[in-house]
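Have a look at the structure below before the remarks.
The values are calculated or read from the model by the stated rules, or taken from the named source; none is laboratory data. All values reported here derive from a predicted model rather than from experimental measurement. Reconstructed Cβ throughout: ideal geometry from the backbone, glycine too, with neighbour counts over all protein chains shown. In case anyone asks, the SASA skips ligands and DNA or RNA and just uses the protein heavy atoms, side chains included. Shrake-Rupley method; radii C 1.70, N 1.55, O 1.52, S 1.80 Å.
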Amino acid sequence: LWMFGWLPIIYFMRISSIPEYFQRRFDRRARNAATFILLAYMLGYIGINLLTLGKCLHVLLGWPVFGAAAVVAVVTGLYVMAGGQTSVIMTDLLQGVLLLVAGFVLLFLGFQALGNGEGIVTGASNFWELLPPGHRMPFADFNRPADFNSVGVFWQDAFGNGIAFYFLNQGLIMRFLSARSVKEGRKAMIFILLVLMPLAAVAVSNAGWIGKAMAMVGLIEAPAHLDDIFVVVANALCQPGVFGLVLAALTAALMSTADTLINAVSAVVVNDIYRPYLRPDRSDGHYLAVARWVAIGTAAVGLMMVPVFNMFESIYVAHATFTAAVTPPMAVALLLGVFWNRFTAKAALWTMIGGALAVGLSFVWPQLITPFAHGTPMWAESDTTQSGIKAYTYIRALYAFSVSAAIGIVVSLFTRPSEQQQIKGLTWDTIRDAMRYFKGSEPNLSPGKTIKLATVLVDTESKQDQNTIAVDAAALSALSARPGDLVHVRDSRRWLGGLRSAPATLAAATAEPGTCQISRELARLGSLSKSKNLLVEKIL
């Protein structure tokens, strides 16, 4: 649904933010509601990441949790302010590699410690035998205990948070909007799902697994707060230098999530509040300056959320309670908008408002969730306060999704849908119209090759010619393209990773064989002035 529905819609329709989609698909009122919910989601998510970093540095350096989180908030806010989306992408790439390396180093050292000097294979075998039987099974118990069970984790994490992360996460969306084509975005997602996610799951989870096994044989003492297990295991297994690497990796990985969200909040505040309501028709430079200051303010607001989430017994429970409460109404409105033409603007608004009210009522009367609870206990056994905010930690997501969907469907059936002409390109069965919007003419979907051509810089007379590229007739044939098609041109040196690149429109076949002619303006835009050869790929 994401790769073949949502991604092509936001890419081809040039959607710059999630709330913008709500206005174009529905109306301004839906956009305003979506903006409020999305900002609440991202600001809370930043708070959870800052809390995690604060707890890590508290165990490592003895700093107060809030003070440590404040240091991280300042550093992250400053480099996002200075570097924007480029800084986010490049630091996330390096931080991700660092996390994977450090995670597997920790796993290797854990097996070595559990092997009692008999090698890694023996250590791995001992590790498996030392885990309690319940920990070896693929899922936790179906509906017990209240604070960790399979059915609750499925509805909150796999379903609710999965939809929120991929469909509503402005930070993730911005990364895919920077891809050179929808095809490249799909390839990236397949790589994430089949390769990167399994590796990352092991890299970030193994400290808990190794720590449980080590505690069983007395190699470490289980910490009083399980949030501290990563630092405790790393400290027990690593020499000082390696320990620094592992903790740097953990810190970097958490900062990479925080910086993405800070940058995303800046984009939403500027594009969905400041530009349309406060200062329309200003220059891009003006909006960029505002976005930089918003980044600093966002870090500060996220920091204020730290004490709130620190009241929960663990970071995971805080995250589960928060996402199960905030994201379902907006997620339902978006999914119905994308995949159901009959879904109306009034239904979208009432889905978000009514769903949010229903969630709020569930904190006052948690009994409302009981019919959806699959038999899970209302409170954890260790919870002596039994407050509504801690009731049904995970299963609230199913309740919120069900109530929101019911509201949306009922209101849609009693209200008038939008004219088909108004929603072209904004639903999954009108993606061809989105392609026409993106290109400005009929898309060319015939498969072609990526070709390598020598660069020839030319001066252009008109502004329209500045974004064009001319190739020879043989190159047009290899590309399976015709004049007017959209292409992507980039430096042929693959190690640059597409950093020197630009989109362009094909002109008539006038270039010398084996060459491509691009304007000096296009070369400047894509940093291609010193590129001897270019790779040219037809996009549409």
Practice task
Go through segment 281-310 and give me each residue that's under 22 Å from the mean Cα position of the chain (by Cα), farther than 11 Å from LEU43 by Cβ and open to solvent by less than 50 Å² (accessible area, probe 1.4 Å).
Solution key: ALA291, VAL294, ALA295, VAL306, PHE309
Practice task
Could you tell me whether LEU288 is hydrophobic (A, V, I, L, M, F, W, C) and out of contact with any Phe, Trp or Tyr (no Cβ under 8 Å at 6 or more places or on another chain)?
Solution key: yes
Practice task
Can you work out which of the residues in segment 400-427 that are outside any helix (DSSP H, G or I) and without any contact (Cβ under 8 Å) to a residue 40 or more places away in the chain is most open to solvent (accessible area, probe 1.4 Å)?
Solution key: PHE414
Fill in the blank from the handout: Contact list, first residue from segment 111-124 and part of a loop (DSSP other than H, G, I, E, B), second anywhere and of a type in the set (S, T, N, Q) and surrounded by 15 or more Cβ atoms within 10 Å (Cβ to Cβ), beta-carbon distance below 7 Å, six or more apart or interchain, is GLY115/THR122; GLY115/ASN126
Handout entry: Search result, residues across segment 16-40 that are touching a helix residue (DSSP H, G or I) at 6+ places or on another chain (Cβ under 6 Å) and open to solvent by 30 Å² or more (accessible area, probe 1.4 Å)
Key = SER16, GLN23, ASP27, ARG29, ALA40
Completion exercise
Counting only helices (runs of 4 or more DSSP H) wholly inside segment 254-347, the ones holding at least 1 residues that are closer than 30 Å to MET3 by Cβ are 284-304, 315-326, 328-339
Practice task
Taking GLY526 as the residue in question, decide whether it is among the small types (Gly, Ala, Ser) and farther than 22 Å from TYR437 by Cα.
Solution key: yes
Exercise for the section: Could you name every one of the strands (runs of 3 or more DSSP E) located completely within segment 430-540 that has at least 1 residues being open to solvent by 50 Å² or more (accessible area, probe 1.4 Å), charged (D, E, K, R) and over 30 Å from GLY5 (Cα atoms)? Expected result: 451-458
Completion exercise
Residue hits (segment 230-257; without any contact (Cβ under 8 Å) to a residue 60 or more places away in the chain and closer than 22 Å to VAL71 by Cα) are PHE243, GLY244
Problem - Filter result (outside any helix (DSSP H, G or I) and over 21 Å from PHE243 (Cβ atoms)) within segment 45-94 - result: PRO64
Completion exercise
Subset of segment 357-399, residues in a helix (DSSP H, G or I), of a type in the set (A, V, I, L, M) and either crowded, with 16+ Cβ neighbours inside 10 Å or over 31 Å from the mean Cα position of the chain (by Cα) (or both), comes to ALA358, VAL359, VAL364, LEU368, ILE369, ALA397, LEU398
Handout entry: Selection status of ALA164, more than 30 Å from HIS488 (Cα to Cα), modelled with pLDDT under 90, surrounded by 14 or more Cβ atoms within 10 Å (Cβ to Cβ) and out of contact with any Gly (no Cβ under 7 Å at 6 or more places or on another chain)
Key = yes
Problem - Qualifying residue in segment 210-228 (condition: at pLDDT below 90, open to solvent by less than 10 Å² (accessible area, probe 1.4 Å) and either within 30 Å of ALA295 (Cβ to Cβ) or over 25 Å from the mean Cα position of the chain (by Cα) (or both)) - result: no
Handout entry: Enumeration of residues in segment 125-147 that are under 23 Å from THR323 (Cβ atoms) and either in a helix (DSSP H, G or I) or touching a residue at least 60 places away in the same chain (Cβ under 8 Å) (or both)
Key = PHE142, ASN143, ARG144, PRO145, ALA146, ASP147
Handout entry: Residue, nearest to TYR166 (Cα to Cα), within segment 311-332, restricted to residues that are touching a Leu at 6+ places or on another chain (Cβ under 8 Å) and surrounded by 21 or more Cβ atoms within 10 Å (Cβ to Cβ)
Key = ALA331
